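*Asks:* Handing you this structure, nothing more for now.
The values are calculated or read from the model by the stated rules, or taken from the named source; none is laboratory data. In this text, all values refer to a predicted model and were calculated from it rather than measured experimentally. Cβ: placed from backbone, ideal geometry, glycine included. Neighbour counts: every protein chain shown. Note: areas computed on protein heavy atoms with side chains; ligands, DNA, RNA excluded. Shrake-Rupley method; radii C 1.70, N 1.55, O 1.52, S 1.80 Å.
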Amino acid sequence: MNEVRHAILCESCDAVCDRVALGEREIASCPRCGIELERHPGAQRQRILPLTVASLIVFVIANLFPIVEIELRGLRSETTLAGAVIALAGDGRSLLALLVLATTLLMPLLHLLILMWLLVPLRWGRGHRVAGFAPLVRAMQALRPWGMIDIFLLGVLVAIIKLSSMATVLPGPALWAFMALTVLLTMVTSFDPRRLWEMVGEVGEVDQVDGVDGDSNGAKVPT
């Protein structure tokens, strides 16, 4: 939904609705079509930065350590996510390898890095000076649907169940990290990017009160 300070444009029916102050756990719906316009963020603003940092740490662990270890007739084999992508490419499945690389590594990592880039200045009251704020918010919104670590994890679990009847399969540290990462990313992606504009607006208001001029090249909340 596109919005300004005191109005929200419903993306479903294009109705322009007045913004109302929401209480905790309250949801605003479009009076014309009934679609959800926005909901009270609760403590999301306070939690999103720690969740992003935790997600990046777990993401590194998930990609550095083996996902599973397979033992068959005395032979052991283990692989990481990058190793699986290389193996797929080596078997002539370059397109599949590219899809796995993009949806389980590149897209989630870019999403987290952009969110970190935007949130850290906001934490110290300098969000309106972030270079490329508006394009980065739009890029983050475009990247969100392409992060499919949960789908990858589901596929790994199905493969483990099938392989367990033929060989000894031991879960590696990365498998547990991917499980934790799936939960963390679910919470991170539930954060509404529109809140970033509100946070920037609040930072700008604080600066005006303190007599600090904003950067004329920085992104501003649309009015």
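*Asks:* Going through the range 67-116 one residue at a time, which ones are over 18 Å from M148 (Cβ atoms) and under 18 Å from the mean Cα position of the chain (by Cα)?
*Replies:* The answer is M116, and nothing else.
*Asks:* Let me ask something additional. I need the full set of residues from the range 1-18 which are open to solvent by 70 Å² or more (accessible area, probe 1.4 Å), closer than 21 Å to R138 by Cβ and modelled with pLDDT of 70 or more, in order please.
*Replies:* Result: E11, S12, D14.
*Asks:* If only one of L170, L175 is open to solvent by less than 80 Å² (accessible area, probe 1.4 Å), in a helix (DSSP H, G or I) and aliphatic (A, V, I, L, M), which one is it?
*Replies:* Going through L170, L175 in turn, just one is open to solvent by less than 80 Å² (accessible area, probe 1.4 Å), in a helix (DSSP H, G or I) and aliphatic (A, V, I, L, M): L175.
*Asks:* Look through L64, L72, L115, L88 and report the one residue that is in contact (Cβ under 8 Å) with a residue 24 or more places away in the chain and surrounded by 17 or more Cβ atoms within 10 Å (Cβ to Cβ).
*Replies:* Only one candidate qualifies: L115.
*Asks:* To continue, here is another question. For L106, are the conditions met, namely being closer than 23 Å to I70 by Cα and not small (G, A, S)?
*Replies:* So L106 does not fit the description; no.
*Asks:* Among the residues of the range 135-148, is any open to solvent by 30 Å² or more (accessible area, probe 1.4 Å), in contact with a helix residue (DSSP H, G or I) (Cβ under 8 Å, 6 or more places away or on another chain) and at pLDDT 90 or above?
*Replies:* no
*Asks:* Has the range 152-171 got at least one residue that is out of contact with any Asp or Glu (no Cβ under 8 Å at 6 or more places or on another chain), touching a residue at least 24 places away in the same chain (Cβ under 8 Å) and farther than 20 Å from T79 by Cβ?
*Replies:* No, the range 152-171 contains no residue that is out of contact with any Asp or Glu (no Cβ under 8 Å at 6 or more places or on another chain), touching a residue at least 24 places away in the same chain (Cβ under 8 Å) and farther than 20 Å from T79 by Cβ.
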